[in-house]
Amino acid sequence: MMPAHEFKLSHFQAMVIFALVISVAFGFLSRRSASHRAKYILWSFILFIVIGVGIGWAMYPFSH
Amino acid sequence: MPDEVPIAQTETTNAAPVPQAASPDPAPPPSSDRHRRDALALTIAAAAWFVPGLGHAFLKMWGRALVCFSTVALLVILGAGMRGNIFSRNGEDSFAKLGYVADLGAGIFYFVAQALETNGPDVSHANGDYGTRLLATAGVLNMLAALHAYEVTRARKA
């Protein structure tokens, strides 16, 4: 079996895909109604991105 | 999506009077019922681990089953496509052994990842490193889903 093609993703693209997939999975596992799931997924996704970018900026001074 | 019908809702209750009448807890189920449910929960957890989403499908939680299967599949396809490292059981250090446990958590998708990654891993670039993390995430996520199916079967979760 051969992969269709190799994926080349930037760090940010990988983070966004990770955040989206995990948010959807957590939302469906932890909430029952559609509205609660939608709210949970949205909040979780936003927090993943904001905290990820925030940690990236917090680490910036140590990389130089 | 009202797709959840936990099988534990069909549990029979003990009608015998309970000595602690002041306690708000219902009477515990008979021991044989509890053992049968524990065995069923373990079977469903094993099925959920081996094929992502199968445990929730047995519980007729179709939405959760579909999401478990598709998220684990997506993460494995991406991780293998990015040439992430798939750890084997012959890991030399603790990190490799822990990585093997995480990767194996994806069940049958562990072998799918091995089949997809024909060119082997390439962690000399950041892309391969991200792929390694995505593969481990797929395994851990599937283990969490299997634990959820186990808890639902034991009527501890909705």
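From the list A:Phe45, A:Phe62, the one residue that fits, being closer than 19 Å to B:Thr137 by Cβ and not charged (D, E, K, R), is A:Phe45. Scanning the stretch B:111-158 for residues that are of a type in the set (Ser, Thr, Tyr) and at the interface with chain A (Cβ under 10 Å from one of its Cβ atoms) returns B:Thr118, B:Tyr130, B:Thr137. Screening A:Lys39 on (1) at pLDDT 95 or above; (2) more than 14 Å from the chain's Cα centre (by Cα); (3) closer than 26 Å to B:Ala113 by Cβ shows it passes everything except condition (3).
Quick check: anything in the stretch A:32-45 more than 10 Å from chain B (Cβ to nearest Cβ), aliphatic (A, V, I, L, M), surrounded by fewer than 15 Cβ atoms within 10 Å (Cβ to Cβ) and in contact with a Ser or Thr (Cβ under 9 Å, 6 or more places away or on another chain)? Yes: one or more hits. A count restricted to the stretch B:108-120 and to residues that are within 18 Å of B:Ala73 (Cα to Cα) and either at pLDDT 95 or above or of a type outside the set (Gly, Ala, Ser) (or both) stands at 9.
All of (1) in contact (Cβ under 8 Å) with a residue 24 or more places away in the chain; (2) away from every other protein chain (no Cβ under 12 Å); (3) of a type in the set (Ser, Thr, Tyr) hold for B:Thr71 with one exception: (2). Only one of the numbered conditions (1) on the phi > 0 side of the Ramachandran plot; (2) under 15 Å from the mean Cα position of the chain (by Cα) is not met by B:Ala138, and that is (1).
The values are calculated or read from the model by the stated rules, or taken from the named source; none is laboratory data. Keep in mind it's a predicted model, so treat the numbers as computed, not measured. No Cβ is skipped: glycine too gets one built from the backbone with ideal geometry, and neighbour counts run over all protein chains shown.
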